[in-house]
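Visitor: Have a look at this one.
Read the figures in this text as sums done on the coordinates, not as results from a lab. Keep in mind the model is a prediction, meaning the values are calculated, not measured. A quick note on method: Cβ atoms are made from the backbone with ideal geometry, for glycine too, and the neighbour counts reach across all protein chains shown.
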Amino acid sequence: MAQLFILSSISLLFIGLFGVLTRKNIVKILIALNIMETGINLLLVAFGYVENGIVPILTSNESIMNLTKMVDPVPQALVLTSIVIGLGTTAFSLALAIRYRYNHNSLSIRASEEEEGVNI
Amino acid sequence: MNSIVFLIVIPLIAAFLSLFLGKNDKILAYIVTLFNIIFSILILFSGKIPFNVAIGGWRAPYGINYAVTDLTIFFLVLVNVAALLALTSVREIMEYQFYSFYFVLLSSTNGIVLTGDLFNFFLFIELSTFAVAGLISYKRDRLSTGAALKYLILSSTASIFSLAAIGLIYKTLGTLNFADIANKVNNLNEASLSLILILYISSLLVELKIFPFNMWVVKAYEASKTSVNLFIHGMLGTAGIYGVLRILLMVFSKETGKLTLSGNLSSILMLFAFVTVIIGEIGALTEKNMKKILAFSSMAQLGIVLFGISLGSFDALKGVLYIVISNYLAKFVMFLTVNEFSKVSGSTNYLDMKGLGRRYPVLAISFTISALSLMGIPFFAGFWGKISIIGNAVFSGKLELIGAVLILIASVIEGVYYLRISHTFFSQGHEREGRISRVYCLLPMILALVILFIGINPDSFENIISILLDEIKSPEKYIKLILSLK
Amino acid sequence: MVEIFIIPLVTAFLLAIFIRNKKVVWPLFLISNLYILLKLWTLFGKWEIEKTIYTNYELFGAKLSFTLSNNPLGWYFAFFSAVITLVISVFSLGFNQKTKENVAPIWMLIIFSNLGIFFAADWITFFMMWELMGWTSFFAITNGRDKALNEAKYYLVLSLLGASSMLIGIILLGALTGSFEIFASAYGLVQVFYSEKALSIAAIMLLLFAFFIKSAIFPFYMWPSKVYAVGPEDYITFMSSVMIKYGIYPIAMFIVPVVGSLDLPKILNTANWIQYFVGYLGAISAVLGTILAIFQTDMKKLFAYSSVANMGYILLGFASMNIVGFEGALFHAVNHMVLKAAIFLTLAAVIFRTGESEMHKLGGLVYRMPITFLTFLLGIIAAAGIPPLNGFGSKWMIIQALMSQKMIIFAIAMIFASTGAFMYLFRALASIFLGQLPDRFKDIKEVPLTMLIPMIIMMIGMLLIGVVPGVVMKPLTTALRAVGYNVNIASWTSLEGALKNSTIDLTLVFLIFLGGFVISAIMYILGNKSETVPQEDNYTGGEYPEEWGVNADRFNYSYSFYQPFKEMFEPLLEKISIDEFFASIGRNFEYMSATVQGLFRRGEGAVLLFSIGVLLLILGGWII
């Protein structure tokens, strides 16, 4: 089961990487970046997975017996932080993309290539 | 001493406050930066170094801890002093976004230097990426938005790789604390250590501007205001070097303090390093825009730093520290000089600045001193670094010898374009309006005098370096400090 | 002894502050040089003086220390270069009246590094002073004028390359012998040579590379002609007489003792291969320098190649590995300083008055600038090696040494170059001073007094050294004896040769020449009175060229002076063009630069290159 998670997250990672490398539209690149981030978050959670594990919440006094069967909560905490970072990055990049569109009149990342001649 | 977090929290609060303060933002910036500097200097002289703070009372390795050791305090002071010096180059009224991004950058670079936990490190690097992207795009013109966007995309991709590495570390070692990883790293087998290191180093090298990870550098330097250049160079660059020193040399090394990657990996790193040097110098050779020249030159200097680190001997590390301080001071002088001269001449093309050295000889002489230090000419600070690194490289092996020869050739090329710029400053130019007040010439002169002083009298700096090297040589003291206290 | 080093630094600082005030700067420069000379005079004989500065800086596990010591050979070079510098600084008082830029502060720094190079006792100090001299001379050559930039760039690249090679050589030497001190490392190198043959030879070659670049030996002989043509003329005098010797001094201090102590096998029973290597480079420099000098039309370039040829003679003297040759080479170093300074001062005076440096545009200046002409005449007689002036003694000693060591080819090369020198020396004399005076120079005057005094001093110097060579030879032999060579202290007036029973008493030679001079003077006075005719009558045969519509000036026979000779040697020189080689390297670097800039210009291939980087890391870690 864990293998499936890891495999799918790595494939998400590569899909995202492919998108970042080949797409020209900035919004598409940002979406691909988001896919990559999702993939990596999934990878982190999958690293903490224990087979047939239970939720890592202490519900009653006896739950402490099942300590070893609990799924690792630390990666889940890391992932929460990472999701928020991804949120911030995406929001900021989109704002930048709007300004980019306003300046270059196009959302292609190749548009800023013809800048020579503007500034020596 | 839980109050160590003030170094990070106060700038963050100020970042929010600056949204409301309008015109008084600059004063707020000076107050907060001065607070940071005074606080760090107080820590330096309080005699309590090294000490360890467990945030929130959660003991390491379960919680995050901030450990202040000699290495940390050295870089902390450097980062905060850089912030203050760079602030002095902000002349005009900036909008509130500038200052809030600046505060975020200040707090995140302080965090990078202070932290003792790998995920916290990742977090602060992400924060600094934001802040730098915002600062680059402050000008909001074509060049800036393009550069900022590309930097953001590249940096996000790199940090995703580092997150993968963090996940792998957690899976194999079960901990994310620097000291704990250093303790347990011997349990890893070679292949997984290599994989983790490859993924992690890739993101570190983006910060360090090593080829082929450094496509963002030239555009970003060209597109931003000079004060932002100083921020990136002084704060982010220094924090990045601290990160490499701490992580590569103390956390992931199996022997004491040396770079012990698998043999081929360190060779590839060395290859990247001296290729960066060559590409940086050759790229700057026919360039006319001063900011691009300084960008290429920064690339090359950091390449020399990485080359010295990957040589794997402590003598070379000593040279690395000299080059770090020489580059730090020299680039400050150069950026400040370019700032002043470009205001008078109206463009950043160095041919337009012809003759300005005759009117403002102090600035031009400071620039020449910095250039000579970067070239590694004796009687200036960079020489001691160059002789250590080249001396150690000549005998270490074939690849190192080739690297040393290429670095020497690269410094010859560096000499050509820097001295050409110096000569242009001192040649006869035409009259221009616009004046540079004497006050602004003072800071470059002081920094250039420091370079001269370190160059003539290396003993002053040597004592500091031996303290730092002692710490790098004994990571077990670091481990003991973090894992046993409190 | 420390005052000798502090005074130039303080003076340089003061000169930089007062840089706009010419009346303060150049007298201050003069006084500094006077002080340095007096201090050096008092240092003669006190060979034990030493000053060491200890540092905490560790290299290869040992703390570095910088030592300056009054070593005899270094004193010899430093003293005589200080004499020449003093004379040039008197000249500079007058020369710089009209210039806009001021080269004095940088020049003072070079004088500081000058003393440092000669008095350094360990390689690190030597290297530091060498690099200081390298970059400051770049600024001195360009001196704020744009037209000097390209040539100065060429010189800078060569200089920095030489310094880099010296750095690696010094590091190798330090690792092989365990010490950075010059004498100790020489001794150690001899001990270690047989066990680590390749590394020792590599160290020697790397050091020689740097020294050859500085002294303009083949194949690095192109830079003097480029640089001397564009630099400020009084500084160029210093550069061509003193600075070009910087490579000669360490060869004499280090390479010659080391090679002399080694027991290498002899080729053809005459000399070992290092001697042949150095000797051939010297011979090629001498011959090539002479030939190229014959082709030049710019007088500064002509004498630049003459300097290259003279450095070749000195190397031939070293290659002979004979004590007479060694003494002759070092004697020639000082002689060359004196006569080159005299010649370049003359050229500077001509340029000061006329602004021209192309020889075919000048002519007939003997009538307007007689003392300049006299200095120049004595200078070229000395340069050609004709008694009773100073060039003769040293060249005679070198040829004696080469003959006694049976190095016939080198002797032939030297004699060819030495006599061939007379071709270009005479050409310079004829083109500049003899011949027809162009109309536009009808009213130029002789140079002012402050510039005449140095030239007269130089004339006296050349004559003095020529007649009484002991003025230079006595200090030289005392110094050599103090270093450890087994020489006799030379006498005042006679020179010893290397072949049996060959000694020359130069006073006798001088008296013979004086006798000849007196006889011809008597014949001149007793002969018929001379009649003054206008200049044109001499060569237009009484015709008036204006009748044919041409200007009298056009018939000045000094353009393309040696055309047949040039045609003879042209094919040879086109095949081996070192200049083209270096220029093409420079061009290639510039192409590469444009490519790299293009790579970084786009910026959005960033992630692609990042991924390639990660792939490379993975490949490197796992496959290789």
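Visitor: Return the whole-Å distance between the Cα centroid of segment B:1-66 and the Cα centroid of segment B:452-474.
Guide: 27 Å
Visitor: Cut-off is 10 Å between beta-carbons; in what order do C:W396, C:W135 appear when sorted fewest neighbours first?
Guide: Taking fewest neighbouring Cβ atoms as first place, the list is C:W396, C:W135.
Visitor: If each residue's Cβ is checked for other Cβ atoms within 10 Å, how do B:I421, B:I125, C:I585 rank with the fewest at the top?
Guide: C:I585, B:I421, B:I125
Visitor: So how much slack lies between B:I27 and B:S466, counting 0.36 nm per residue of separation and subtracting their Cα-Cα distance, in nm?
Guide: So the extension gain works out to 154.2 nm.
Visitor: Here is a follow-up. Just going by the charge dipole of the protein assembly as shown, with Lys and Arg at +1 and Asp and Glu at -1 on Cβ, which of B:M215, C:S32, A:I83 is farthest out on the positive end?
Guide: Value: A:I83.
Visitor: How crowded by other chains is B:210-217, given as the mean number of beta carbons from other chains within 10 Å of each beta carbon?
Guide: Taking the mean over all residues of the peptide, I get 6.
Visitor: Distance between the C-alpha centers of segment B:379-450 and segment C:409-455? Whole Å please.
Guide: Each part's Cα centre sits 42 Å from the other's.
Visitor: Suppose R0 equals 22 Å. What FRET efficiency, 1/(1 + (r/R0)^6) with r the Cβ-Cβ distance, do B:T286 and B:D141 give to the nearest 0.05?
Guide: 0.30
Visitor: Return the distance in nm (one decimal) between the two label points of a simple spin-label model at B:I402 and B:F16, each offset 7 Å from Cα along Cα→Cβ.
Guide: 5.6 nm
Visitor: Determine which lysines satisfy two conditions relative to C:K445: a Cα distance under 21 Å, and not lying fewer than 8 residues away in the same chain.
Guide: Correct list for C:K445: C:K98, C:K361.
Visitor: Of all the C-alpha pairs in chain A, what % are more than 19 Å from each other?
Guide: Percentage above 19 Å: 61.
Visitor: What is the percent of Cα-Cα separations in the protein assembly as shown that go past 53 Å?
Guide: Across the protein assembly as shown, Cα pairs with separations above 53 Å total 32 percent.
Visitor: Next question, about the same structure. Can you tell me how much longer the chain between C:A430 and C:I408 gets when fully stretched, taken as 0.36 nm per residue apart minus their C-alpha distance, in nm with one decimal?
Guide: Value of the extension gain: 4.6 nm.
Visitor: Can you give the helix-only mean residue ellipticity at 222 nm for chain C, where every DSSP H stretch with n ≥ 4 adds -39500 (n - 2.57) and the sum goes over all residues, rounded to the nearest 500 deg cm²/dmol?
Guide: The per-residue figure over chain C is -23000 deg cm²/dmol.
Visitor: Then there is this: FRET efficiency for B:Y62 and B:F395, Cβ-Cβ distance as r, R0 = 45 Å, nearest 0.05?
Guide: Efficiency, from the Cβ-Cβ distance: 0.50.
Visitor: How would you order B:396-402, C:28-34 from highest to lowest mean count of nearby Cβ atoms within 10 Å?
Guide: Answer by packing, highest mean first, reads C:28-34, B:396-402.
Visitor: As I understand it, the dipole of the protein assembly as shown uses +1 on the Cβ of Lys and Arg and -1 on the Cβ of Asp and Glu, about the Cα centre. Which of C:F561, C:F80, B:F39 lies farthest toward its positive end?
Guide: Of the listed residues, the answer is B:F39.
Visitor: A further question follows. In chain A, with Lys and Arg counted as +1 and Asp and Glu as -1 at Cβ, which of these residues, A:P73, A:F14, A:N52, has the Cα nearest the positive end of the dipole, that is, farthest along it?
Guide: Working it through, the farthest residue towards the positive pole turns out to be A:F14.
Visitor: Under a 5 Å amide H to amide H cut-off, with H placed in plane at 1.01 Å, what residues pair with B:N349 once short-range neighbours are removed?
Guide: Amide H neighbours of B:N349, under 5 Å, 5+ apart: B:M290.
Visitor: Hey, could you get me the Stokes-Einstein D for chain C, Kirkwood radius over alpha-carbon pairs, 25 °C and 0.890 mPa s, rounded to whole µm² s⁻¹?
Guide: Estimated diffusion coefficient is 94 µm²/s.
Visitor: Same structure, new question: Each label point is 7 Å from the Cα along the Cα-to-Cβ direction; what then is the distance between the points at A:T68 and C:F569, in nm?
Guide: That separation, rounded to one decimal, is 9.4 nm.
Visitor: Still on this structure: If I model a spin label at A:A95 and C:Y194 as a point 7 Å from the Cα along the Cα→Cβ vector, what separation in nanometres do I get?
Guide: The two pseudo-label positions are separated by 7.9 nm.
Visitor: Full extension from C:A62 to C:Y485: what is 0.36 nm times the residue separation minus their Cα-Cα distance, to one decimal in nm?
Guide: Length gained, C:A62 through C:Y485: 149.1 nm.
Visitor: For a quick check: sort B:R142, C:R601 by the number of other beta carbons within 10 angstrom, fewest at the front.
Guide: C:R601, B:R142
Visitor: Please express the shape of chain B as an equivalent ellipsoid: the semi-axes are the square roots of 5 times the eigenvalues of the C-alpha gyration tensor, given largest first in whole angstrom.
Guide: 34, 27, 21
Visitor: Taking the Cα centroid of segment B:74-100 and of segment C:326-400, what is the distance between the two, rounded to the nearest whole Å?
Guide: Here the two parts' Cα centres lie 62 Å apart.
Visitor: Oh, and also: With r defined as the distance between the Cβ atoms of C:F5 and C:I267 and R0 fixed at 45 Å, what FRET efficiency is calculated, to the nearest 0.05?
Guide: 0.55
Visitor: Could you tally up the Lys pairs in segment B:255-486 with alpha carbons closer than 24 Å? Skip any pair fewer than 8 positions apart unless they're on separate chains.
Guide: So the count works out to 28.
Visitor: Still on this structure, I have one more. Only Lys, Arg, Asp and Glu count, each charged at its Cβ (+1, +1, -1, -1), so figure out the dipole size of the protein assembly as shown about its Cα centre, rounded to 20 debye.
Guide: Using Cβ point charges on Lys, Arg, Asp and Glu, the protein assembly as shown gives about 1360 debye.
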